[in-house]
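This is the structure I have questions about; it appears just below.
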Amino acid sequence: MAELRSFFSHHEDLTQVILYAGVITSLWFAEMMASIDGIKNKWKHTAVNASFIFTALPIQLLLTTFVVLISSWVTAHHWGLINFIPYHYNPWVYYITLFILMDLCEYTYHVTMHKVEPLWKFHLVHHSDLKVDVSTTTREHPCETCVRTCFLMLWVFICGPAIGVLILRQTFQSFSNIIAHTEFRFSERVNKVVSLVFITPNLHHVHHHYQLPYTDCNYGDVLSIWDRLFGTYGKLSREETVFGIDTHMDENLNGSFIGAVKIPFQKFERKQPEKDIY
Ligand SMILES: [Zn+2]
Ligand SMILES: [Zn+2]
């Protein structure tokens, strides 16, 4: 038992991957049991989304090296916004402040991906899934993986977190993203309380609605406070929510890995919102 504990404490990255895979697989099986679509369709849908893991992994592994290097540099040189925060030598102040700061950065990143046209073309591949379930978590265009990790380098340089903060944040972020995409929604009562601070599946499902202005709301990564603060908070019932993106509702295109990867290189125009919800 002691050897096992020592192994996991020395292989934090591997522990995270095992935990991540465990949670995603358990939720996938739970979704399958509750699904009315049938196992064949679920497999087909999962296979397309899981293919994105093979393009994301090498990019992520390579670029994360630079994230770690920047984090080591900022820590050694006491660089970054965290150094302006009073009592930042206290570990609680240090970890909690950086977690919140990095979450604000991720919110900014997500808004940027929606509002800057060339970046939206890549991010919409995530939105093009016509059925949102736990496998949608991994549906990310390889170019977005690249952009996202480059933005992370910028956030690390601006905020100044140590590796420990990044590991803690990555763990929370992974679980939050998995939960946000699961088919299971919270009951209205639970959602009302949890969504005061955190992004819930109920909130993220609205973000996956096929039409504006709902696509452009609930940008939060782990915390929902930024959407409430900056006026991008949106609500839509399960019955009214239709997954996908209005410019790309073709099932054959979205249901193939190659088809989805090609989307950003095709010509299309974003449709305007029918009403203002803010
Ligand atoms: Zn989005
Ligand atoms: Zn999503």
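Expressed in nm to one decimal, what extension gain is obtained for the pair LYS192 and TYR87 from 0.36 nm per residue of sequence separation less their Cα-Cα distance?
Working: separation 105, 0.36 × 105 = 37.80 nm, distance 3.34 nm.
Result: 34.5 nm gained on full extension.
What percent does the relative contact order of the chain come to when contacts are Cα pairs within less than 8 Å and at least six residues apart? Don't skip to the end; give the middle numbers.
Details: 343 pairs, mean separation 61.6, N = 278.
RCO, the chain: 22 percent.
Ignoring GluC sites (Glu not before Pro) that are buried or in helix or strand per DSSP, and keeping those with at most 10 other beta carbon atoms within 10 Å, what is the longest stretch of the chain between them?
That would be 1-238.
May I pose another question? Per residue of region 235-241, in order, report the coupling 6.51 cos²θ - 1.76 cosθ + 1.60 (Karplus, θ = phi - 60°) as ³J(HN,Hα) in whole Hz, putting x for Gly and Pro.
Working through the residues one at a time gives 10, 7, 6, 4, 5, 7, 7 Hz.
Per residue, how large is the accessible surface of region 11-265? Use a 1.4 angstrom probe and give square angstrom.
On the way: 12580 Å² over 255 residues.
The answer is 49 Å² per residue.
Please report the carbon-and-sulfur percent of the accessible area for region 52-173; probe 1.4 Å, protein heavy atoms only, DNA, RNA and ligands left out.
Details: 4610 of 5740 Å².
Within region 52-173, the accessible surface is 80 percent carbon and sulfur.
What are the ³J(HN,Hα) couplings of region 173-189, residue after residue, when phi is run through the Karplus curve with 6.51, -1.76, 1.60 and θ = phi - 60°? Round to Hz, x for glycine and proline.
Along region 173-189, the couplings run 4, 4, 5, 4, 5, 5, 4, 4, 9, 5, 5, 6, 9, 6, 5, 3, 5 Hz.
Of ASP227, ASP133, ASP250, which is the most mobile in a GNM of the chain whose springs link Cα atoms less than 10 angstrom apart?
ASP250
Ignoring ligands, DNA and RNA, what percent of the 1.4 Å accessible area of region 207-278 is carbon and sulfur?
53 percent
Hey, another quick one. Using a 1.4 angstrom probe on the protein heavy atoms only, could you order SER26, SER71 from most to least accessible area?
From most exposed to least exposed: SER26, SER71.
So, one more: Ignoring ligands, DNA and RNA, how do PHE186, PHE99, PHE265 rank by accessible area with a 1.4 Å probe, largest first?
Listed by decreasing accessible area, they come as PHE265, PHE186, PHE99.
Right, here's the next one. Amide H of PHE198: which non-local residues (sequence gap of 5 or more, or other chain) have their own amide H closer than 5 Å, using H built in the peptide plane?
SER224
How far, in degrees from 0 to 90, does helix 142-159 lean away from the longest principal axis of the Cα atoms of the chain, to the nearest 10?
Roughly 30 degrees between the two axes.
Also: Enter the angle in degrees (range 0 to 90, nearest 10) between the Cα long axis of helix 117-127 and the first principal axis of the Cα atoms of the chain, meaning the one along which they spread out most.
Tilt relative to the chain: about 80 degrees.
Continuing with this model, one more query. Over 28 Å between C-alpha atoms is what I'm after, so list which of LYS42/LYS115; LYS115/LYS262; LYS42/LYS271 land there.
Listed pairs above 28 Å: LYS42/LYS115; LYS42/LYS271.
Calculate the spin-label point distance for ALA30 paired with THR64, positioning each point 7 Å from the Cα along the beta-carbon direction, and give it in nanometres.
With each label placed 7 Å out from Cα toward Cβ, I get 2.5 nm.
Mind giving me the nanometre distance, one decimal, between the label points for ILE163 and ASN41, set 7 Å out from Cα along Cα→Cβ?
4.6 nm
Then there is this: Build a GNM of the chain with springs between Cα atoms under 10 Å: which of TYR94, TYR107, TYR219 gets the top mean-square fluctuation?
TYR94
The values are calculated or read from the model by the stated rules, or taken from the named source; none is laboratory data. Owing to the predicted nature of the structure, the values given are computational and were not obtained by experimental measurement. Counting neighbours? That spans all protein chains shown, and the Cβs are built from the backbone with ideal geometry, glycine included. Keep in mind that these areas ignore ligands, DNA and RNA; they rest on the heavy atoms of the full protein, side chains included. Shrake-Rupley method; radii C 1.70, N 1.55, O 1.52, S 1.80 Å.
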